[in-house]
Amino acid sequence: MKSILSTVALLLLSLPVLAHTGLKEGERFENHRIQGQIRISCHERGQSDFAYVNCRDSYLTPSIRSKFTFDSGVNADKVKLTYTNSDGKTKTKSSRVKGNESRENFNLWIWTLTQRPLLKSGENTIDYKLTNNGSEVESGSFDVLVETLPVRTCGYRSYTSSRLSDCRNASMVCAQYFRQMNDCL
């Protein structure tokens, strides 16, 4: 019996590792939404202010960034990912390729004035095009699911700051709050 199990284990280990075409971090992500209320007392150069702030954040697991990977073995030097954003507009992001993956990580979730995320909540279909010296060598699409989880609420906290600006723009204090509260877990 041991020899049969050993033979089966050896055969399974000798099979090539199954790779896939898509995001290196996988095809399923979870959108964690967190919130909580804080009070900030600000004191700077003899002036004082205070604010009650409703902090909100959203993050993605297992990661907010990922490389693109492919398993076809084609020789490519660039990848272009095309997706439809939340406004219904088609957008493209690209990266140089090294081996069988993109050199850069793609932004999956961060939304700022200068950055747009690749994914949105729900089902995402992403088209890819691999090129070599400008000529297409492979194209296709893959799906990524982002499941939105229920909102978690952290307990109330008070903070004191030596900057008046923290009472007017509490983003840094909210980030500190969520770190200290372990993202409301």
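The sole residue among SER161, SER171 that is closer than 30 Å to SER41 by Cβ, among the small types (Gly, Ala, Ser) and surrounded by 17 or more Cβ atoms within 10 Å (Cβ to Cβ) is SER161. Answer with yes or no whether THR131 is open to solvent by less than 70 Å² (accessible area, probe 1.4 Å) and modelled with pLDDT of 95 or more. So THR131 fits the description; yes. Taken over the range 60-73, the residue count meeting the criterion of being over 30 Å from ARG33 (Cβ atoms) and open to solvent by 40 Å² or more (accessible area, probe 1.4 Å) is 3. Applying the set (1) at positive phi; (2) under 13 Å from the mean Cα position of the chain (by Cα) to SER66 leaves exactly one unmet item: (1). Within the range 126-135, the set of residues being part of a strand (DSSP E or B) and not polar (S, T, N, Q) comprises ILE126, ASP127, TYR128, LYS129, LEU130.
Taking the criterion of being more than 18 Å from PHE142 (Cβ to Cβ) and open to solvent by less than 30 Å² (accessible area, probe 1.4 Å), no residue of the range 78-115 qualifies. Only residues that are over 13 Å from the mean Cα position of the chain (by Cα) and under 12 Å from TYR83 (Cα atoms) were counted in the range 141-154, giving 3. When GLU123, GLU138, GLU147 are checked against the criterion of being surrounded by 13 or more Cβ atoms within 10 Å (Cβ to Cβ) and part of a strand (DSSP E or B), a single residue qualifies: GLU138.
The values are calculated or read from the model by the stated rules, or taken from the named source; none is laboratory data. Please read these numbers as outputs of a predicted model, since none were measured by experiment. Counting neighbours? That spans all protein chains shown, and the Cβs are built from the backbone with ideal geometry, glycine included. What goes into the accessible areas is simple: the full protein's heavy atoms, side chains included, and nothing from ligands, DNA or RNA. Shrake-Rupley method; radii C 1.70, N 1.55, O 1.52, S 1.80 Å.
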